[in-house]
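Structure record follows, encoded as structure tokens.
The values are calculated or read from the model by the stated rules, or taken from the named source; none is laboratory data. Treat the numbers as computed from the prediction; the structure is a model and nothing was measured. Here the Cβ positions follow ideal geometry from the backbone for every residue, glycine too, while neighbour counts run over all protein chains shown. SASA here: full protein model, heavy atoms, side chains in, ligands and nucleic acids out. Shrake-Rupley method; radii C 1.70, N 1.55, O 1.52, S 1.80 Å.
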Amino acid sequence: MKNQIKRVIVLMVLLVFHYTNAQVLDGLVKSAEKKVAEKVNKELKKDNDNKQKKSKVIKKSSEFEPANTLVFLEDFSKDKIGAFPASMMTNSSGEIVEIDDQKWLQLGGSGAFTFKDINKGKPFSQEFTLEFELYASDDFVRHSKELGMVLAESKNIKKDFSLWGENRNGSNGIKVGFHPIEYGDKGKGQTRFFAYKGGLETQKVEKIQTNFSVENNKVKVQVKRTAERIMVFIDGVKIWDNQNAFDANKNYSALVFTTGEYKGENAFYISNIKYSEQREIEEPK
């Protein structure tokens, strides 16, 4: 009997000891879990705070918006494939081609290309925008020359436009060059900016750009003039902002595209040329 009582007492002691240890162990585990959770939450909060500090949102207004009055549009829709556009002149060659159901003018090499009349015989406005689509053939090589876009003073467009070209210029104007490859890097291109006054080169700057390249060879070029200032964009990204580009005393009235020598089957193509002016619009009374 005494032995049975002893066994019962020992069993009860063991049960109490086991229960007590289990409670203690459970308390330790919960305490550890709580500390780990607090530390993790603290680190997460710190990481989020750092991200918010690093990734500040910078808001910008869109600097390119087309002027409110469309004056000229040429999409070559009236020209036949294989023909040269009726609205243009060149001292080289060119023809209308169709790419992905869209008509483009393929520009021949070493030439100048202009429009017979963009603004009905009047000079360009002090506030205007110009837009055109530009495509460079696939696998364009560095040794093919750039495409030039010229805005020039012209007293006789039939004679004056051919003064502009690769390494030659007329009297007064600005020229922006576009090339889709920079020293073999297919993800980078080049752009150059020139200004001419009285036949003399007064500004020349060149730099790398990444918006028009062999890898991204079909883009929209956008130009905005405000008095003497010119801004040039590629697909909405500004690549030039020159505050003293235009001569306030000159009347610019000609848009000329220029090409140099191509290598192999390389070529530039243009389409959807738009000229718009910013005008005051009278509200109906």
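Name every residue in segment 248-283 that is acidic (Asp, Glu) and either at positive phi or open to solvent by 30 Å² or more (accessible area, probe 1.4 Å) (or both), in order of residue number.
Pass one, segment 248-283, residues acidic (Asp, Glu): 261, 265, 277, 280, 282-283.
Within segment 248-283, GLU261, GLU265, GLU280, GLU282, GLU283 qualify.
Looking only at residues that are in a loop (DSSP other than H, G, I, E, B) and either β-branched (Val, Ile, Thr) or in contact with a Ser or Thr (Cβ under 7 Å, 6 or more places away or on another chain) (or both) in segment 143-158, which one is most open to solvent (accessible area, probe 1.4 Å)?
Initial filter on segment 143-158 (in a loop (DSSP other than H, G, I, E, B)): 143-146, 154-156.
If we keep only those that are either β-branched (Val, Ile, Thr) or in contact with a Ser or Thr (Cβ under 7 Å, 6 or more places away or on another chain) (or both) too, we end up with 145, 154.
Working: LYS145: 85, SER154: 25 Å².
Result: LYS145.
Given the condition farther than 18 Å from PHE132 by Cβ, in contact with a His (Cβ under 9 Å, 6 or more places away or on another chain) and of a type outside the set (Lys, Arg), answer yes or no: does some residue in segment 195-211 qualify? Walk me through it before giving the result.
Narrowing segment 195-211 to residues farther than 18 Å from PHE132 by Cβ: 195-208, 210.
This time we only want the ones that are in contact with a His (Cβ under 9 Å, 6 or more places away or on another chain), so: none.
No, every residue in segment 195-211 fails to be farther than 18 Å from PHE132 by Cβ, in contact with a His (Cβ under 9 Å, 6 or more places away or on another chain) and of a type outside the set (Lys, Arg).
Would you mind stating whether PHE161 is touching a residue at least 12 places away in the same chain (Cβ under 8 Å) and more than 19 Å from ARG229 (Cβ to Cβ)? Full working, then the answer.
Details: touching a residue at least 12 places away in the same chain (Cβ under 8 Å): yes; more than 19 Å from ARG229 (Cβ to Cβ): yes.
When the stated conditions are applied, PHE161 passes them.
Would it be correct to say that ASP241 is at negative phi and acidic (Asp, Glu)? Walk me through how you get there before you give the answer.
Numbers: at negative phi: yes; acidic (Asp, Glu): yes.
Yes, satisfied.
Looking at ILE230, ILE239, ILE281, ILE273, which one is within 25 Å of ASP139 (Cα to Cα) and either over 12 Å from the mean Cα position of the chain (by Cα) or in a loop (DSSP other than H, G, I, E, B) (or both)? Spell out the reasoning first.
Numbers: ILE230 fails: within 25 Å of ASP139 (Cα to Cα); ILE239 fails: either over 12 Å from the mean Cα position of the chain (by Cα) or in a loop (DSSP other than H, G, I, E, B) (or both); ILE281 fails: within 25 Å of ASP139 (Cα to Cα).
When all the criteria are applied, what remains is ILE273.
Of the residues PHE140, PHE161, PHE193, PHE178, which is open to solvent by less than 40 Å² (accessible area, probe 1.4 Å), of a type outside the set (S, T, N, Q), at negative phi and assigned to a loop (DSSP other than H, G, I, E, B)? Before the answer, list the steps.
Values: PHE161 fails: assigned to a loop (DSSP other than H, G, I, E, B); PHE193 fails: assigned to a loop (DSSP other than H, G, I, E, B); PHE178 fails: assigned to a loop (DSSP other than H, G, I, E, B).
Answer to the selection: PHE140.
What strands (runs of 3 or more DSSP E) lie completely within segment 18-133 and have 1 or more residues being open to solvent by 80 Å² or more (accessible area, probe 1.4 Å), at pLDDT 95 or above and among the charged types (D, E, K, R)?
Values: elements: 69-74, 88-90, 94-99, 102-107, 112-115.
Those strands (runs of 3 or more DSSP E) span 94-99.
For the structure I just gave you, tell me whether GLN243 is touching a residue at least 40 places away in the same chain (Cβ under 8 Å), touching a strand residue (DSSP E or B) at 6+ places or on another chain (Cβ under 9 Å) and either of a type in the set (Lys, Arg) or open to solvent by 60 Å² or more (accessible area, probe 1.4 Å) (or both).
On the way: touching a residue at least 40 places away in the same chain (Cβ under 8 Å): no; touching a strand residue (DSSP E or B) at 6+ places or on another chain (Cβ under 9 Å): yes; either of a type in the set (Lys, Arg) or open to solvent by 60 Å² or more (accessible area, probe 1.4 Å) (or both): yes.
For GLN243, the condition - touching a residue at least 40 places away in the same chain (Cβ under 8 Å), touching a strand residue (DSSP E or B) at 6+ places or on another chain (Cβ under 9 Å) and either of a type in the set (Lys, Arg) or open to solvent by 60 Å² or more (accessible area, probe 1.4 Å) (or both) - is not met.
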